[in-house]
1. Taking only C-alpha pairs under 8 Å that are 6+ residues apart, what is the relative contact order of the chain in percent?
2. In nm, give the distance between the simple-model label positions of ARG199 and ALA93, each being 7 Å from the Cα along the Cα-to-Cβ direction.
3. Compute the Cα gyration tensor for region 67-129, then decide on rounded, prolate or oblate, letting a ≥ b ≥ c be the square roots of its eigenvalues: rounded whenever a/c is under 1.5, prolate when a/b is larger than b/c in the other cases, and oblate in all that remain.
4. Counting only protein heavy atoms, what percent of the accessible surface of region 58-178 is carbon or sulfur at a 1.4 Å probe?
5. Would you kindly state how much longer the chain becomes between ARG20 and THR122 on full extension, computed as 0.36 nm times their sequence separation minus their alpha carbon distance, in nm to one decimal?
6. If r is the Cβ-Cβ distance from ARG138 to ALA189 and R0 is 41 Å, what FRET efficiency results, to the nearest 0.05?
7. Express in whole angstrom the spacing between the alpha-carbon centres of region 128-190 and region 64-118.
8. Accessible area per residue for region 30-125 in Å², computed with a 1.4 Å probe and the full protein assembly in place, what is it?
Amino acid sequence: MTHEPVTGSGPHALREHLDRHLDAAARAWFHQALDEAAARTGGNAPISTWELRLAEAGRRCGSGHADAVRVLILCAAGADTAALSRVYRQGTAAERRAVLHALPHLVPGPEAVPLVEDALRTNDTRLVAAALGPYAARHLDAHAWRHAVLKCLFTGVPVDAVADLDERAHGDAELARMLAAHAAERTAAGRPVPGDLNRVLALAAAETRKES
């Protein structure tokens, strides 16, 4: 099943894409879910209506569209950091991905960094990839970001998933040192060095080579 490209797409573009590709029944459900989220329907219940809709998105709209649908429900609800944290802690892996994808649209500051850090501690490669979107690029500190890049290399997550990779990696001497050490360890163990490692290493070492 092909999944929507959620990272890097704004809410307006996501909605236009879904409106073009969902069938009539799924589109009607999607629009109703957005209206309920905007109205905060069921806000006094133990779990709000829009949170229930997050769980239904895959069944109603198909797994290939569900991530994008969930992101837009979160945006329509104007979910704050507390609500996003609740959905993340209580939700499935798919719902956690949606929270991570929604962060750059809903949380302007670093308050949600703990959610990113939690995702990066998992071995779920789709969760790791979702964690390294534009929000992490803006708010993850240098130490944590470098280790996140290494996590991608360890787990086979393509570094194309790392938002603003070129800007953050360029000339990062410490990242270059870490990558070179990792490459040496793999070579000594008779294991191949991933092509992505050489790509990031070239970025990180760029200024050093330029100055020499």
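The values are calculated or read from the model by the stated rules, or taken from the named source; none is laboratory data. Just so it is clear, the structure is predicted and the values come from calculations on it, not from any experiment. Here Cβ is always computed from backbone atoms with ideal geometry, including for glycine, and neighbour counts include all displayed protein chains. Calculation scope for accessible area: heavy atoms of the full protein, side chains included, ligands and nucleic acids excluded. Shrake-Rupley method; radii C 1.70, N 1.55, O 1.52, S 1.80 Å.
1. Reported as a whole number, the value is 15 percent.
2. Between ARG199 and ALA93, the simple spin-label model gives 2.3 nm.
3. Because a/c hits 1.5 or more and a/b fails to exceed b/c, region 67-129 counts as oblate.
4. Answer for region 58-178: carbon and sulfur cover 51 percent of the accessible area.
5. Computed gain between ARG20 and THR122 is 33.3 nm.
6. Calculated value: 0.70.
7. One Cα centre to the other: 23 Å.
8. On the way: 4050 Å² over 96 residues.
Roughly 42 Å² per residue, with all protein chains present.
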